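Notes follow once the structure below has been shown.
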Amino acid sequence: MKIKKGDQILIISGKDRGKRGKILEAFPKEGKAVVEGVNIRKKHVRPKKTGEKGQIIEMPAPINVANLKLICPKCGKATRVGYKIVDKKKNRICKKCGQEI
């Protein structure tokens, strides 16, 4: 998976197309990521104690990584991610500007 926690991304398909956000969690085995403010789901929570009210909580659900594009911090464009090996270390690079991410 070419994106990581903390990356700025752009949603390229689905109901939230065009929105930008930050990755809060990444799930590489499932190929999904949780993005801040995107793919919001409502969860109904039961009251735990007597006298307490139940509530509806809005929380972001995981979205498929194929629907996300990384925003390069250097050039600010949505781009694909490539790799370059320098001194036995694998670094991510922007395919548009060629700078290291």
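Side notes on the structure shown:
- Farthest towards the positive end of the charge dipole of the chain, among the residues Gly18, Pro28, Gly54, is the Cα of Pro28, using unit charges on the Cβ of Lys, Arg, Asp and Glu.
- Flagged links, alpha-carbon separation over 32 Å, of Lys42/Lys95; Lys29/Lys90; Lys43/Lys74: Lys42/Lys95; Lys43/Lys74
- Charge dipole (Cα centre; +1 on Lys/Arg Cβ, -1 on Asp/Glu Cβ; no other charges) of the chain amounts to roughly 160 debye.
- Overall form of the range 55-101 per C-alpha gyration tensor (a/c, 1.5; a/b vs b/c): prolate
- Cβ crowding within 10 Å averaged over residues, with 32-40, 52-60 ranked highest first: 32-40, 52-60
- Surrounding net charge for Cys75, when Lys and Arg each add one and Asp and Glu each subtract one, Cβ distance under 11 Å: +4
- Relative contact order (%) - the chain, alpha-carbon pairs under 8 angstrom, separation at least six: 22 percent
All of the numbers you see were taken from the coordinates with simple rules; none came from a lab. The shown structure was predicted, so the numbers you read here are calculated from the model rather than taken from an experiment. Neighbour counts are summed over all protein chains in view; Cβ atoms, including those assigned to glycine, are modelled from backbone coordinates with ideal geometry.
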